[in-house]
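A short worksheet on the structure shown next.
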Amino acid sequence: MGTISAVESITLDGVMQAPGRADEDTRGGFVHGGWAVPYADHVAMEFLGQGMGRAGDVMLFGHRTYEDVLHHWTTTTEPNPFTDVLVKTPKLVVSRSSGTVLEYPNSRLLAGEALHTVAQAAADVGGTLVVLGSGELVRALHAAGLVDEYVLQIHPIVLGSGTRLFADGERANLTLVRSVTSTTGVLLAQYAAR
């Protein structure tokens, strides 16, 4: 049985929407896109790099995030550690529609109800299903008790608006596994959820 790890950038007030670019996700009139960029540093890259691209791991995306992330990192000309990992690592993409077309290599569609298809995928995968972003998917998995760990980049900023990682719901106790603070004040923390 595989585990599910949600890797998220959030603000102190829990906002996860559009951390990377101004045009990344403007739904709901969100105007703060790109808020995480000024906080990037080598400490964060090392911390996140320790959990990326491990043998047996699979990336898990909601369809919208898959399209955005893969498009961005496969078209950028900036040197980065992400493009090769994103292209080479097997990817599972959740979509309600069986007609969804996946444009990037090593991608497989999980069509239908996310809780069922992801639970089945976790049972079939021996490694970790790593979810990047994909807020709607993570909130559904969290509510169903399917997330095994959270790897959070908690940024020292309050936005006051935007989509939050955790919606209103039941209490969840997490256990801190490891943490480090970046040179820009970002708290990088890995929490066990069960």
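The values are calculated or read from the model by the stated rules, or taken from the named source; none is laboratory data. Model, not experiment: these values are computed from the prediction. Heads up, the Cβs are rebuilt from the backbone with ideal geometry, glycines too, and the neighbour counts pull from every protein chain shown. With ligands, DNA and RNA removed, areas are computed over all heavy atoms of the protein, side chains included. Shrake-Rupley method; radii C 1.70, N 1.55, O 1.52, S 1.80 Å.
Here are the numbers for this structure:
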quantity: Single unsatisfied condition, LEU165 versus (1) surrounded by fewer than 19 Cβ atoms within 10 Å (Cβ to Cβ); (2) closer than 24 Å to GLY28 by Cβ; calculated: (1)
quantity: Matching residues, the range 149-188, being touching a Leu at 6+ places or on another chain (Cβ under 9 Å) and not hydrophobic (A, V, I, L, M, F, W, C); calculated: GLU149, TYR150, GLN153, HIS155, PRO156, ARG178, SER179, THR181, SER182
quantity: Residue check for THR26: on the phi < 0 side of the Ramachandran plot, open to solvent by 30 Å² or more (accessible area, probe 1.4 Å), of a type in the set (Ser, Thr, Tyr) and at pLDDT below 90; calculated: no
quantity: Options VAL101, VAL58, VAL138; residue that is touching a residue at least 60 places away in the same chain (Cβ under 8 Å) and either open to solvent by 50 Å² or more (accessible area, probe 1.4 Å) or in contact with a helix residue (DSSP H, G or I) (Cβ under 8 Å, 6 or more places away or on another chain) (or both); calculated: VAL58
quantity: Sole exception among (1) over 29 Å from ALA40 (Cβ atoms); (2) of a type in the set (Gly, Ala, Ser); (3) modelled with pLDDT of 95 or more for SER98, by number; calculated: (3)
quantity: Number of the condition not met by LEU92 [criteria: (1) part of a strand (DSSP E or B); (2) open to solvent by 30 Å² or more (accessible area, probe 1.4 Å); (3) in contact with a Phe, Trp or Tyr (Cβ under 8 Å, 6 or more places away or on another chain); (4) of a type outside the set (Gly, Ala, Ser)]; calculated: (2)
quantity: Residue under evaluation MET45, criteria (1) farther than 13 Å from GLY162 by Cβ; (2) among the hydrophobic types (A, V, I, L, M, F, W, C); (3) buried (at least 17 other Cβ atoms within 10 Å of the Cβ), criterion not met; calculated: (3)
quantity: For ARG194: the one exception among (1) modelled with pLDDT of 95 or more; (2) open to solvent by 60 Å² or more (accessible area, probe 1.4 Å); calculated: (1)
quantity: Criterion violated by THR83 - all others in (1) β-branched (Val, Ile, Thr); (2) surrounded by 14 or more Cβ atoms within 10 Å (Cβ to Cβ); (3) touching a strand residue (DSSP E or B) at 6+ places or on another chain (Cβ under 9 Å) satisfied; calculated: (3)
quantity: Test: residue in the range 108-130 that is among the acidic types (Asp, Glu) and not in a loop (DSSP other than H, G, I, E, B); calculated: yes
